[in-house]
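One structure is given here, and the rest of the page talks about it.
Quick note: the coordinates plus some simple rules give every number you see, no bench work behind them. Because the structure is predicted, anything quoted here is derived from the model rather than measured. Neighbour counts run over all protein chains shown; Cβ positions are idealised from the backbone, glycine included.
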Amino acid sequence: MRAIYVLILGWIAGAFVTGGAYASDWPQWRGPTRDGRAAEQPFNPAFGKGGVDVKWSADLGVGFTGVTVAGGRAFTAGWADGKTTFYAFDAATGEKLWSHSFDSPKYDNLNVGGPSGTAAVDGDRVYHQARDGRTFCYDAAKGTVIWEKDLAQQYGVKVPQWGFSGSPVIIGDTLYLDMGKTLALSKDDGSERWATEDYGPAYSTPAPFTFKGKEYLAVFPSSGLHILDLASGKHIAHQPWKTNYGVHAATPVIVDDTILISSEYDNGCALLRFTGNALEIVWENKNIRQKMGTSVYRDGTFYGFNSTKLVAVDAKTGEEQWNERGLGHGTIILYGDTLIVLSDKGEVLTAPASPKTFKPVTRVSVIKDRTLWTSPTLAGGLLYVRGSEGRLVCIEVSK
């Protein structure tokens, strides 16, 4: 698996990602290789030393949808005045290129509400799922709705307490979504390829992986981790995982033949080994408890959050290596050997990804907001930071 990731990263760094998307883009949830790593591009970890260079900003309406960048466009969504709006901006200047609005519930239960899923760009199309389960395929350049499906109604799936927050995954000609029932749809028209039984309320994003030449999908609804055959949807393995409120928001993290799952609400984390027909627990503890974001992996170490502590955890043993307090329920991505951390109060920190210590190179406030639970996006030497109350800020980080 590691060799496959290296091969893919090497190819992306020197070529196009998909039609119209460049090497340094962030075309989907968790970036070009779906592991929280940004592709090679201009980036200076000390970008904040001389002050923050804000290239542009926008007011979106409330929500948690991340920013997807591809082909010179930045896509995201927000909620205001009874409507969810999906936006396309010029990624470098912030000029609004187009938008599409539709009536939508707010889902403001113990949070500000608004959309949560992040869009996926594939060639000249962009896909997004709203919090009520409606799913759209847009023309990325014009904003024309190519197809639209109310998948919750179509499949008889109850909208979970906090609404759907997972993101679409595009592989080949198929779109995958976890809505409790995991769905495989034609990306061309939304028609069904396969659908599973209902595994319970789902907030997480599917994680595709390859094991011994076969392709699988890891999904993490309320009943726990399920492994599915990618082509047919056949159920292969299950690891039960229960939390208070039945919320698993973090995406499973795939490393070789192992899978990290984690959640808040008095549970914790586990590293599971996939054998091809079963899951085995390697270790289990409470050293990682991801409430909103997803951990990243580099050179034998997981970096993520234990509730409100940033932590480094040894991937072999599960032991904590270090922790950093004061960042709240933050989020984290990787660029090379640099951690890019966003606190839930709007601070960006950069630091070497070291299992020994956390030594920030930059620590700078970039946005004021009550809560920032949305992972940042790094694309084309620009960092996109989105606050839940609606403010989006694009920052120059290459100088």
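Residue ranges 107-120, 348-361 sort as 107-120, 348-361 when ordered by packing (mean number of other C-beta atoms within 10 Å per residue, highest first).
Quick one: what does P(r) look like for the stretch 321-396 with 5 Å bins over all Cα pairs, in whole %? Going out from 0 Å in 5 Å bins, the stretch 321-396 shows 3, 16, 28, 27, 15, 7, 2, 0 percent. Under a 5 Å amide H cut-off, with hydrogens placed 1.01 Å from N, Gly268 pairs with Ser263 among residues at least 5 apart or on other chains. Under the convention that each Lys and Arg Cβ holds +1 and each Asp and Glu Cβ holds -1, the size of the dipole of the stretch 124-177 around its Cα centre is about 160 debye.
So how far, in whole Å, is the C-alpha centre of the stretch 126-203 from the one of the stretch 263-296? The stretch 126-203 and the stretch 263-296 have Cα centres spaced 25 Å from each other. Taking Lys and Arg as +1 and Asp and Glu as -1, the other residues whose beta-carbon sits under 14 Å from that of Ala140 total -1. Taken about its Cα centre, the stretch 319-399 carries a charge dipole of roughly 260 debye when the Cβ of each Lys and Arg holds +1 and the Cβ of each Asp and Glu holds -1. The share of Cα pairs per 20 Å bin across the chain, counted from zero up to the longest distance, runs 30, 63, 6 percent.
For the stretch 255-399, the normalised intensity computed at q = 0.08, 0.15 Å⁻¹ comes to -0.22, -0.74 (log10 of I(q)/I(0), Debye sum over alpha carbons, equal scatterers, no solvent). Ranking of Leu327, Leu378 by neighbouring Cβ atoms within 10 Å, starting from the fewest: Leu327, Leu378. Annotation: the residues Thr85, Thr68, sorted from fewest to most other C-beta atoms within 10 Å of their own C-beta, follow the order Thr85, Thr68. Looking at the stretch 177-212, the trypsin sites (Lys or Arg not before Pro) that sit in a DSSP loop and have at most 14 other Cβ atoms within 10 Å of their own Cβ are Lys212.
Computed per residue of the chain from DSSP H runs no shorter than four, each worth -39500 (n - 2.57), the mean residue ellipticity at 222 nm is -1000 deg cm²/dmol. Residues whose amide H falls under 5 Å from that of Trp147, counting only those 5 or more places apart or on a different chain, are Cys137, with hydrogens built in the peptide plane. Hey, which of these cross-link pairs are over 32 Å Cα-Cα: Lys214/Lys242; Lys181/Lys291; Lys96/Lys286; Lys49/Lys96; Lys234/Lys316? Where the Cα-Cα span goes over 32 Å, the pairs concerned are Lys96/Lys286.
Can you give the FRET efficiency for Asp108 and His238, using 1/(1 + (r/R0)^6), R0 = 41 Å, r = Cβ-Cβ distance, to the nearest 0.05? Using R0 = 41 Å, I get an efficiency of 0.80. Charged side chains reduced to their Cβ positions (Lys and Arg at +1, Asp and Glu at -1) give the stretch 2-396 a dipole of some 620 debye around its Cα centre.
For the stretch 29-48 versus the stretch 315-393, the inter-centroid distance based on Cα atoms is 12 Å.
Among Ala218, Ala46, Ala141, which residue has its Cα furthest toward the positive end of the charge dipole of the stretch 2-396, with +1 on Lys/Arg Cβ and -1 on Asp/Glu Cβ? Value: Ala46.
Using the average count of surrounding beta-carbon atoms within 10 Å as a protection proxy, the listed peptides 276-288, 27-39, 156-168 rank, highest first, as 27-39, 156-168, 276-288. Look at the dipole of the chain built from charges on Cβ: of Ala249, Tyr176, Ala70, the Cα furthest out on the positive end belongs to Ala249.
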